[in-house]
Structure formats: structure tokens, C-alpha cells
Amino acid sequence: MLHHYNIRSLSFIVFALSFYTQYAHSLGVEITNPPGGATLSVEQEIVFRWQDGGGNPDITALSTYTLELIVGGNSPGNSQVLQTIEEAGDVKDGSVSKSIDANVAQSIQNGFYLKMTSNTTTGNQVINYSNRFTLVDLTGNTAAQYLQAATAAAGSSANVPAAQYNVLSSPTTSSPSSPSATATATITTPPSNAAPSSPNPPASGLSAGIIAGIVTVAVLAVVGIISIIVWALFLYRRVRRRKQDQSVSSSRGSEELGAPRSAFVDDKAELSGRPVSTSRSPRELDASSVRAEVMGTQMPVEIAEREGSIYELEASGTIHELATRTSKAYDPISQV
């Protein structure tokens, strides 16, 4: 039982961690078409689709976008932009249909993915990537470094860079008395095809969403540990109580199987006899006791004479009461 609940608690914690990871990488949009591992022909127009990623900022905070076709690995040094599919499009449209030039590269299994760079309404930038897919009917060539990187990363269609949120600029403030102070702040947006590493790092550190995710995972981990401890104590108490019940039952059984008890009824001794402890062979009765019960066969039994003693014999269902006084009507000694 404890093992079962340990597995359940561990599964719950893993689910919470995966939820947090998904939340951290779902900001902006999620590119849904082409799906990961799909094979598309460049001889036909391709429909590219996306939807809200469920993070912060969401799709309502995005304005324009640039969509590019990438070949190669996951870093700027081993990947190449093959074609700009759409530029200055509206993110809220949710899709765009375009054709891919056949001579941009050669066909590589899961060697291609999309890069969507979106501008936010506050002047910042979000970069999202699609899963990897395959393009066929291509007639071009691919440089060796990009071909090797694409082949190395093609094992998983989800092997793409993580989504990025780039703070491009923020207002600057200064004292009015300073001669170098500027009256207004300048907000600039670099070209959408800039490398992901060129923008300045976020000035505000971790976003509120990431902090909330970390706190949530920590709380769920504590709850899981407490659940394991509680179930361990419950199982221990249950096993201990079961052992105590078995001990009590064993002691009661020993008392019930003890020595037989005698009872005195109608001036005769009645002993509780058990077949396993009572001999059925003929034996001589000792007249030193005034009460006795003997189980025997139909063989004669010698009885010591003592006036006033009474014995009860059981032999194959026939019961005889014998007395040591002399009687002409019935003398057990004469039967020998």
C-alpha cells in the first residue's frame, strides 16, 4: 500500500514540474501547423497556423510578426535563415499561406523549423519556434555545417530552441537639474531578423509567471512529502494493530485447548475426555479416589474393592455402574 501511494505522490510531483516547464515555454504563441514530424512538399502552397500559447504575454499583447524558415541546429552559429515567409504581418490573424522556393536547400529529415518573431504592444519582443518538420521536392544545396547540425538534431521533432521574451528598451529617468538629462525616453525596435542573443537581457529578472510557477512547484512538493509521511504512519499503525489482534487470538486459543475440567454431577465425576488423550485399552482402577470416569472396550475390568465407591464405565455405547458392595444380583468380579 505504501509503495502504491509513493508512486502516486511522485507522479503528482512530476506532473506539476511538467506543467511548470510548459508554462515557462508557452509565452507568446504556439505554432500548430506544420506539426512536428510532418512532411510537406514545396510544390504546393503551405498554410502556417498559430494560436495563443497560454503564457504571459499572450497573443492579445502582440502586434506584428515576422515568420522565417530555418535549417540546421538550434544556435545562431549552426542554423541558417532560408526564407522570410511573412514580414510585418498581424499576429491576431492566426495563419498565413505562402509558398517555399524549391532551391533554398536540399531535403533533410526533420531538418527545418519556423522562427516567429513578434513585437509586443509595449515595445518588447517575443520569439517562438515551431517543431521540426521535413520538406521534400527541394532542388537546392545546404552547407555542410548546417546539414550536419540538422542531422544531429533531427532525432526529436521537439528539439528546437526555447521561446524567448526580450526586453528591448525601457524608459530612462534622470534628475531635471542634470545638464545631460533627456526629456523623453526613446524606444527602438531592432530588425525582426536579429539574432536572439543580440537584445539586452531582461532588466527585471524573473517574470511574475516564472516566480509563481516556482512557488507552485515548491508547495506541491511539500504536500507530496507530507502525504507520504501520513500514509507511512497509517500503514505502520495498521500492521501493528493486526499483530496485536493475532496475539490475543492465539492466547485465547491456548486457554480453550487447556487441560480438561471435571464436573461433579449426581455423586459421580464427569470428566471431559478427548480421543487423542484417552486410552481405550483395559486398565485397573484405583479405589483411592471416589470419583472416576473410564473409557474402555468390552473386556472385563478389575476394580479395587472399597465400600461406598462408585465408578462409571463406558464401553462401546453400553454404560455400567459398578459398586464395591457385595451383591448377588450382579457381581462384576464373577464375570472373569
Report the extension gain between TYR236 and SER63 in nm, rounded to one decimal, defined as 0.36 nm multiplied by the number of residues separating them, less their alpha carbon distance. 56.3 nm
Taking Cα centroids, how far is region 74-106 from region 142-168 in Å? 14
Local charge sum around ASP52 (other residues, Cβ-Cβ under 9 Å, Lys/Arg +1, Asp/Glu -1)? -2
Just to check I understand the Karplus step: with θ = phi - 60° and J = 6.51 cos²θ - 1.76 cosθ + 1.60, what whole-Hz values come out for region 61-69, glycine and proline as x? 8, 9, 10, 9, 9, 10, 10, 10, 9
What ranking do SER118, SER63 get, fewest neighbouring Cβ atoms within 10 angstrom at the top? SER63, SER118
Would you tally the net charge around ASN103, using a Cβ to Cβ cut-off of less than 13 Å, leaving ASN103 out, and scoring K and R as +1, D and E as -1? -3
Around VAL136, which amide H atoms from residues at least 5 apart in sequence, or from another chain, sit under 5 Å from its own amide H, with H modelled in the peptide plane? LEU40, SER41, VAL42
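Read the figures in this text as sums done on the coordinates, not as results from a lab. The model shown is predicted, which means the values in this text are computed figures rather than measured ones. For neighbour counting, all protein chains shown are included, and Cβ atoms are generated from backbone atoms with ideal geometry for every residue, glycine included.
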